[in-house]
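The values are calculated or read from the model by the stated rules, or taken from the named source; none is laboratory data. Note that this is a predicted model, so its numbers are computed, not measured. Here Cβ is always computed from backbone atoms with ideal geometry, including for glycine, and neighbour counts include all displayed protein chains. These area figures cover heavy atoms from the full protein model, side chains too; ligands, DNA and RNA do not enter into them. Shrake-Rupley method; radii C 1.70, N 1.55, O 1.52, S 1.80 Å.
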Amino acid sequence: MSEIKHTELSMNRLAGKFALVTGASRGIGRAIALRLAREGADVAITYAQNREMAETVAAEIQTLGRRCLCRQMNVAQRDSVRTMVTAIRERWNRLDILVNNAGILQLKPFAELTDVDWDDMLAVNLKSVFLCSQETLPLFKNQGGGTIINISSVGGQTGGTMSPHYAAAKAGVISLTKSTAKIMAPWGVTVNAIAPGYIRTDMYDTITSTTESEADIERKVPLGKAGEAPDVAAAAAFLASSDARYITGQVINVNGGVFV
Ligand code: NAP
């Protein structure tokens, strides 16, 4: 329902642009990929395991009249990221928008966290942003600009008692956003982050089935309910558009008022 409303609102701000959205087989990444396509962009999407779901998203993008490149990619491994970026270079030789969205959440008491838990969390949620930003930079440099949107989390701003490693990684995403905004500005590349609050996806279901009930969340969120993936996609489409051309190094909170 909310996706239909956003569709009605969407404009053609991204015609002629090429985008890469990581982790777009479902959830927030899927909504961002579809929104960018609705706004006129051709969109490359990646998934980790859910090939069929990603191919369904690719088909939806193509139904919108946009081109789509759909590939498996492990965001935590440089070789895998490089293979995807090479495919984009060979197919399109251009990239205007990178959305570092892929992420994982684990809910586990601090005392029980293992080295592997910590390393996996930091690799998929933070190192991924470093790898994808660094590997795509030559494309951005080559064409004289572009924009990077990193998906952080309200947890990166507030901390999380049942996911301290996730919160640390997402705080790192905000810091890396600010650093790369400064580093990449000379090449005309803007870098911003979006920090979602509670957004209804599979990740949200992990939370509501373990640590917090829907009622807890509704009480906690000033707007009284969890957000939907298209709410985050709308912010991403704005940041990807030329309307945001003088915005860099910032964090947009899409959280129903949780943090403010
Ligand atoms: P989700 O529904 O669990 O989807 C995660 C996506 O990331 C999937 O496309 C998944 O691919 C992909 N992925 C996971 N590990 C990967 C890896 N190693 N390499 C490449 N892709 C990988 O999550 P979501 O709720 O949409 O979250 C999207 C982003 O928003 C994440 O960064 C998350 O931390 C952030 N966020 C979410 C919320 C929320 O309430 N939902 C709140 C704050 C921040 P497969 O489908 O193939 O597994």
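Sum -39500 (n - 2.57) across every DSSP H segment of at least 4 residues in the chain, then divide by the residue count to get the 222 nm mean residue ellipticity, nearest 500.
Details: 11 runs with 122 residues, N = 260.
Helices in the chain give a 222 nm mean residue ellipticity of -14000 deg cm²/dmol.
Once you keep just the Cα pairs under 8 angstrom separated by 6 or more residues, what percentage relative contact order results for region 42-151?
29 percent
About the Cα centre of region 86-175, how large is the charge dipole given +1 on each Lys and Arg Cβ and -1 on each Asp and Glu Cβ? Please answer in debye to the nearest 20.
On the way: 7 positive and 8 negative charges, 86 e Å.
In debye, rounded to 20, region 86-175 gives about 420.
Tell me, rounded to the nearest percent, the portion of alpha carbon pairs in the chain spaced more than 33 Å apart.
Values: 4483 of 33670 pairs.
In whole percent, the long-distance tail amounts to 13.
For the cross-link pairs LYS17/LYS141; LYS108/LYS170; LYS141/LYS170; LYS178/LYS220, which exceed 22 Å when the distance is taken from alpha carbon to alpha carbon?
Working: LYS17/LYS141 15 Å; LYS108/LYS170 16 Å; LYS141/LYS170 26 Å; LYS178/LYS220 29 Å.
Where the Cα-Cα span goes over 22 Å, the pairs concerned are LYS141/LYS170; LYS178/LYS220.
Any chance you could give the angle, 0 to 90 degrees and rounded to 10, that helix 128-143 forms with the longest Cα principal axis of the chain?
20 degrees
Carbon and sulfur: what percent of the chain's accessible surface (1.4 Å probe)?
52 percent
Taking only Cα atoms, what is the 0 to 90° angle, nearest 10, from helix 27-38's long axis to the longest principal axis of the chain?
Value to nearest ten degrees: 30.
Before anything else, pin down the relative contact order of the chain: Cα pairs under 8 Å, at least 6 apart, normalised by residue count, whole percent.
Details: 513 pairs, mean separation 49.9, N = 260.
Averaging sequence separation for qualifying contacts and normalising by length gives 19 percent for the chain.
With a 1.4 Å probe and every protein chain left in place, work out the accessible area per residue of the chain in Å², rounded to a whole number.
Working: 11970 Å² over 260 residues.
Value for the chain: 46 Å² per residue.
How much of the DSSP bridge set in the chain is antiparallel, in percent, rounded to the nearest 5? Display every interim value, and only then the final one.
Numbers: 0 of 28 bridges.
So the antiparallel bridges in the chain amount to around 0 percent.
Just to confirm the number: angle between the C-alpha axis of helix 51-63 and the first principal axis of the chain, 0 to 90 degrees, nearest 10?
Rounded to the nearest ten degrees, it is 50.
Given DSSP loops and a limit of at most 13 other Cβ atoms within 10 Å, what is the longest stretch of the chain that contains no such trypsin sites (Lys or Arg not before Pro)?
On the way: sites that count: LYS225, ARG245.
For trypsin sites (Lys or Arg not before Pro) (loop position, at most 13 other Cβ atoms within 10 Å), the longest site-free span of the chain is 1-224.
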